1. Looking at segment 126-168 only, could you name the residues that are among the small types (Gly, Ala, Ser) and under 14 Å from Leu107 (Cβ atoms)?
2. Of all residues in segment 106-132 being of a type outside the set (Phe, Trp, Tyr) and in contact with a strand residue (DSSP E or B) (Cβ under 6 Å, 6 or more places away or on another chain), which is farthest from Leu80 (Cα to Cα)?
3. Taking the stated definitions as given, is Val243 among the aliphatic types (A, V, I, L, M), in a strand (DSSP E or B) and closer than 25 Å to Ala109 by Cβ?
4. Out of the residues in segment 348-364 that are touching a strand residue (DSSP E or B) at 6+ places or on another chain (Cβ under 9 Å) and of a type outside the set (Ser, Thr, Tyr), which is surrounded by the fewest Cβ atoms within 10 Å (Cβ to Cβ)?
5. Name, by its number, the condition in (1) in contact with a His (Cβ under 9 Å, 6 or more places away or on another chain); (2) without any contact (Cβ under 8 Å) to a residue 12 or more places away in the chain that does not hold for Asp366.
6. Consider Asp168 against the criteria (1) touching a residue at least 40 places away in the same chain (Cβ under 8 Å); (2) surrounded by 13 or more Cβ atoms within 10 Å (Cβ to Cβ); (3) in contact with a strand residue (DSSP E or B) (Cβ under 9 Å, 6 or more places away or on another chain): it satisfies all of them except one. Which criterion is unmet?
7. Can you tell me which residue in segment 173-192 is farthest from Leu235 (Cα to Cα), limited to those that are touching a residue at least 60 places away in the same chain (Cβ under 8 Å) and of a type in the set (A, V, I, L, M)?
8. Please go through segment 459-509 and pick out each residue that is over 19 Å from Val423 (Cα atoms), surrounded by fewer than 23 Cβ atoms within 10 Å (Cβ to Cβ) and among the aliphatic types (A, V, I, L, M).
Amino acid sequence: MLHELILKNGKIHTMDDAGTVVSSVAIESGRFAALGDDIQPRGPDAQVIDLKGRTVIPGLIDNHIHFLRTALLPGYDMRLMETAFSIEDALKVIRAQAAAAPDGEMLSAIGGIHPDQFAENRYPTLAELDAAAPNHPVYLSISNWGPGATNSLAKARLREAGAPVGDDGIVGKGKDTIAAWEALSALHSYDDTLRQTASQMDFALSMGLTNVFDMGGTIPAGGWLDPATGYNPILELMRDDKVPMRVRIFLPVLDTDAELPDLMARLDYTFNEFGNDVVRIVGIGEWLIPNKLQRQQPLPDFYTDSVRAVAERGWVYKQHLISLAEQKEHLRVWEEVNKSTRIADLHWSMDHCYGIDQETIDRAIDLGVGLSSHSSNYLEGKLQPPGNPPFRMIMDSGIVMGGGSDGARVSPMNPWVMLYYAVTGKNHAGEMINPGQCLTREEILRIWTTPQGWFCKEEKNMGGIAVGRYGDLVVLSDDYFDEQAVSDDDIRHITSLLTVVGGRVVHNTGTLGEAVPAIETIPAQ
């Protein structure tokens, strides 16, 4: 049966190279079927949504995020804390979650936040947290390295588990925060992980994020995503038809010797690019060897063998690269492998690349690799090494450029916070940390949509609004393109009124009417 959805009377930004804006689109059987200004239904059962002049964009795609790992966060995660900018804003988020979660359940915001984001430049006090959630333990932390803050119930729970907490509810940086994480993780069940995975997908869709490239989780103290069992929750939800967005999985490898046991197990026993339109294995990344080894100068010899094996098997590969020295050293190995196996056909990418220079970008272009430039420095202070992402330099170079967050333990998951950083160059505290490298609103939005399919070999299907591509779009709460009505600071508060994935409404606030209810899943093709 033909499933037909028509959206009309809107400002629909296709994000193509010409900047085309239309008022209507038709989605049939999960893909865009027509774009224009007066599209009529073809069948009697078509669903029609009147956009009432609202702004529409393609579904946002985060091409580097530790999405599945966020399901391991303890209790009930409070992602909305990422866009709380005063103590009262933070307490409102906590009160709302306390009203929704069963009494006694932990409420947490770990990663993606910083006390300096609040106007008061501090966390809420123990007393303020007690008043906001008297029946729930509350734990806030920058990430697994802290510092953190608790209310009385969370303080008591952590102390009972042997984790040190000050009398004021503050958990110290470093080992104390790690101890708190380990204590809370011990209380986290598989059912909690399933619930949290579903909740994180709901949050993502409410922000217009329709597709995530999951990069695993390789740091035990930061929420270990076990390579053997860590993907079971998303696979179980997929089997139960409860995955309402697209998930592209990259598999990390952590070999430490020339036998390459981890890599060869993946290459020999995992089907390359296996899955469906909803959940699919894409490639290897963000690690091919452990972090402590991949920063060595020179790289260990067996890294070259690893790279060659990935290339010869034809896998996509995304590599975490922070410092300029790392970037240059990894490119040296890639260039060596390229002499025998052409890399340009494999859609490989260098990820993060803070402080990259023009010479290194040119080398990447010559190899035919892409560059994923991320906004995770949003939570950093002023001009800290290894530098900030030179968005303008990268875009002007002409390299295939994608965008992502590196969320949600070291950076926010909310894509609008990430776009705000690229547009303004400002961090969580409103300080300019990336001068001279800002992009226009349209430029960064295009990076987060149209080219993203290239990084998983799905450029014919994914990214932007065009006939034949996946029918994924977002009706925005505010007109992102209107700089008079929506200030730069307001960008961080944009949300989705209605999110469509594969022609199905998967998030609906009811603002445009309740005739089209949100559903739990999208059909795999």
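The values are calculated or read from the model by the stated rules, or taken from the named source; none is laboratory data. Just so it is clear, the model here is predicted, and its values are computed rather than measured. Methodologically, a virtual Cβ is constructed for each residue, glycine included, from the backbone with ideal geometry; neighbour enumeration extends over all protein chains shown.
1. Of segment 126-168, the ones among the small types (Gly, Ala, Ser) are 127, 131-133, 141, 143, 146, 148-149, 152, 154, 156, 161-163, 166.
Within segment 126-168, Ala131, Ala132, Ala133, Ser141, Gly148, Ala149, Ser152, Ala154 meet the criteria.
2. By that ranking, first place goes to Leu129.
3. On the way: among the aliphatic types (A, V, I, L, M): yes; in a strand (DSSP E or B): no; closer than 25 Å to Ala109 by Cβ: yes.
In short, no.
4. Of segment 348-364, the ones touching a strand residue (DSSP E or B) at 6+ places or on another chain (Cβ under 9 Å) are 348-354, 356, 360-361, 364.
After this cut, where a residue has to be of a type outside the set (Ser, Thr, Tyr) as well, the list is 348, 350-353, 356, 361, 364.
On the way: Trp348: 26, Met350: 26, Asp351: 25, His352: 25, Cys353: 28, Ile356: 25, Ile361: 22, Ala364: 24.
Only one residue fits best here, namely Ile361.
5. Here Asp366 clears every test but (1).
6. For Asp168, the failing item is (2).
7. Checked segment 173-192; the qualifying residue farthest from Leu235 (Cα to Cα) is Leu184.
8. Within segment 459-509, Ala466, Val467, Leu497, Val505 qualify.
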